[in-house]
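The values are calculated or read from the model by the stated rules, or taken from the named source; none is laboratory data. As the structure is a computational prediction, the values presented were derived from the model and not from experiment. A quick note on method: Cβ atoms are made from the backbone with ideal geometry, for glycine too, and the neighbour counts reach across all protein chains shown.
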Amino acid sequence: MFHPNRYSDRLRSHHQAQAPLFALCAGEANLAEHLRHLAADTSRRRTVYIHIPFCTRNCTFCNLNRIQSSPPDDYEELIVQEILTYVSYPYVRDGVHHAVYFGGGTPTTLSAPGLRKLLRTLRSCLKLAPDAEVTIETTVSDLTEDRIAVFREEGVNRFSIGVQTFSSEGRRLLGRRGSGQRAADKVAFVRQSGFQNVGLDLLYNYPGESEDDLNEDLDHIESLDLAGLSFYALILYEGAALHRMISSGKCAPLGDLEHEWALFNLILDRLLGRGFTLLELTKLVKPGRDNYDYIRIRYENGDTLALGAGAGGRVGSLIYRNPSGLADYRRQVKSSTGLPARGFAVTQEYDFAHRLVGRLQFGRLDWADLDPLPNADTLCSLAENLTAEGLMQADDRGFSLTREGVFWGNNIGREFATALVKLFKGS
Ligand code: SF4
């Protein structure tokens, strides 16, 4: 088992890698005020994120920002109202949006007419690039024929389906609906409906998962002709039902780090070279079929118009988040400005560090990335130390993560984020 001396535990989320960067924000600012003073800027790359924090069922491992099982009747209307508020500002109205992402929760808890209404409002009110990537996250059970018809008719062109595992036993343990075969049939149906860019979420190292179980998941994945695969090691959150199930002995504990490493390698061994390449730490794609523009634009410090309860985004140099409670969110949408009262101004240092940590998420650090820094010695020695420990490898352009480095990628990102904060703040 490869376990570098420098890390006691594995970080499994990019949020943990980026957390130190918040120290580089300049302080609070008002979003409406900020938008009033922003000149139109058609050069910025932009995305839209729509948060639908509802799920028809609670997965046992989940601690995400969800509110209740089904959206209230006025939820689409609140988002439409938000869009209308934003487009009253020329900065938003005149900018071109290159990617739209419906995330959650489960966006497909919205009805087919509700989804149609949102997709049509986005297209009629905002400028979307002709080739804009429009992604919907969904679960297998919510992928009904009427919703699929709406996606086809309203230009959804990228799917992220939260299958997690095709093992029926694993699905029961994780609180997912239906058998593994039903999940595979549904994904195949979406592909046969003419959608090219269909990807899955795969969870590995769930309690009791063996290499044989994972091999069966990978058999399905290979046979489904997917465009992409997000693969995540299960994170056991204290508040999650799965944590209680394990503590009370109702199910097996998670496999240890050695087992997690073996499963991680199994995924890469089976899929790399069979059409898939590694796009970022937890994402395999088939080149030419899934470019994942949404995440690229966010890491490049592009704008993200955040809509819906709990959605977080960025407009110009301000990052902000909508209230996650439904009552507070509704109050905000109906307030005099219709916008969050406060956001946080980002600095040039924040942008630099955010982009660089983003590059590491994609597995590289180039000398050119460090050029704007007056003193990059600390970062260079960090990269050299990581190289000596087998986590990075040097080449003509800079450094790339080794496979071990990809496994520990969020720890590495966090080390760089911390070093950058220290460099810019002196502490
Ligand atoms: S569908 Fe996603 S957000 Fe909803 S409970 Fe399951 S893992 Fe959590």
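The helices (runs of 4 or more DSSP H) located wholly in the range 271-388 that include 1 or more residues which are among the basic types (Lys, Arg) occupy 293-299, 326-333, 348-361.
With respect to residue 145, is the statement that it is among the acidic types (Asp, Glu), within 30 Å of residue 184 (Cα to Cα) and within 23 Å of the chain's Cα centre (by Cα) true? Criteria not met by residue 145.
Yes or no, residue by residue, for (1) surrounded by fewer than 20 Cβ atoms within 10 Å (Cβ to Cβ); (2) of a type in the set (A, V, I, L, M):
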site: 126; (1), (2): no, yes
site: 155; (1), (2): yes, no
site: 158; (1), (2): no, no
site: 173; (1), (2): no, yes
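Of all residues in the range 175-214, those satisfying the criterion of being within 20 Å of residue 257 (Cα to Cα) and either in contact with a Ser or Thr (Cβ under 9 Å, 6 or more places away or on another chain) or of a type in the set (Asp, Glu) (or both) are 202, 203, 204, 206, 209, 211, 212, 213, 214.
Against the numbered list (1) over 25 Å from residue 131 (Cα atoms); (2) in contact (Cβ under 8 Å) with a residue 24 or more places away in the chain; (3) in the same structural domain as residue 147 (by TED's automatic domain parsing), residue 10 comes up short only at (3). Exactly one residue out of 272, 242 is touching a residue at least 40 places away in the same chain (Cβ under 8 Å) and not basic (Lys, Arg), and it is 242. Please verify whether residue 118 is within 29 Å of residue 302 (Cβ to Cβ), more than 16 Å from the ligand (Cβ to nearest atom) and in contact with a Gly (Cβ under 9 Å, 6 or more places away or on another chain), treating the condition exactly as stated. In short, no. Residue 171 falls short on exactly one of the conditions (1) touching a residue at least 24 places away in the same chain (Cβ under 8 Å); (2) within 16 Å of the ligand (Cβ to nearest atom), and that condition is (1). Modelled with pLDDT of 95 or more, surrounded by 23 or more Cβ atoms within 10 Å (Cβ to Cβ) and away from the ligand (no atom under 16 Å from the Cβ): does that describe residue 151? Answer is yes for this residue.
Tallying residues that are in contact with a Gly (Cβ under 9 Å, 6 or more places away or on another chain) and under 18 Å from residue 73 (Cβ atoms) within the range 52-61 yields 4.
Restricting attention to the range 1-53, the residues being over 16 Å from residue 410 (Cα atoms) and of a type in the set (Ser, Thr, Tyr) number 4.
Of everything in the range 1-31 that is crowded, with 16+ Cβ neighbours inside 10 Å and among the small types (Gly, Ala, Ser), the residue that is modelled with the lowest pLDDT is 29.
Take the residues of the range 176-232 that are within 16 Å of the ligand (Cβ to nearest atom) and of a type in the set (S, T, N, Q): which is surrounded by the most Cβ atoms within 10 Å (Cβ to Cβ)? Step by step, filter the range 176-232, then rank; the result is 205. When residue 337 is tested against (1) touching a strand residue (DSSP E or B) at 6+ places or on another chain (Cβ under 9 Å); (2) closer than 24 Å to residue 46 by Cα, only condition (1) is not met. Residues of the range 306-330 that are under 23 Å from residue 352 (Cβ atoms) and among the aliphatic types (A, V, I, L, M): 306, 315, 318, 319. Selection of the range 253-263 for residues being assigned to a helix (DSSP H, G or I) and either over 12 Å from residue 209 (Cβ atoms) or among the charged types (D, E, K, R) (or both) yields 257, 258, 260, 261.
Yes or no, residue by residue, for (1) charged (D, E, K, R); (2) closer than 30 Å to residue 149 by Cβ:
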{"residue": "205", "(1), (2)": "no, no"}
{"residue": "211", "(1), (2)": "yes, no"}
{"residue": "221", "(1), (2)": "no, yes"}
{"residue": "228", "(1), (2)": "no, yes"}
{"residue": "237", "(1), (2)": "no, no"}
{"residue": "252", "(1), (2)": "no, no"}
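The listed residues are 25, 55, and the only one of them that is within 16 Å of the ligand (Cβ to nearest atom) and in contact (Cβ under 8 Å) with a residue 12 or more places away in the chain turns out to be 55. Quick check on residue 143: is it within 16 Å of the ligand (Cβ to nearest atom), under 25 Å from residue 291 (Cα atoms) and surrounded by fewer than 22 Cβ atoms within 10 Å (Cβ to Cβ)? So residue 143 fits the description; yes.
Taking each residue of the range 58-72 that is under 23 Å from residue 327 (Cα atoms) and looking for partners that are modelled with pLDDT under 80 and near the ligand (Cβ under 7 Å from one of its atoms) with beta-carbon atoms closer than 7 Å, six or more apart or interchain, yields nothing.
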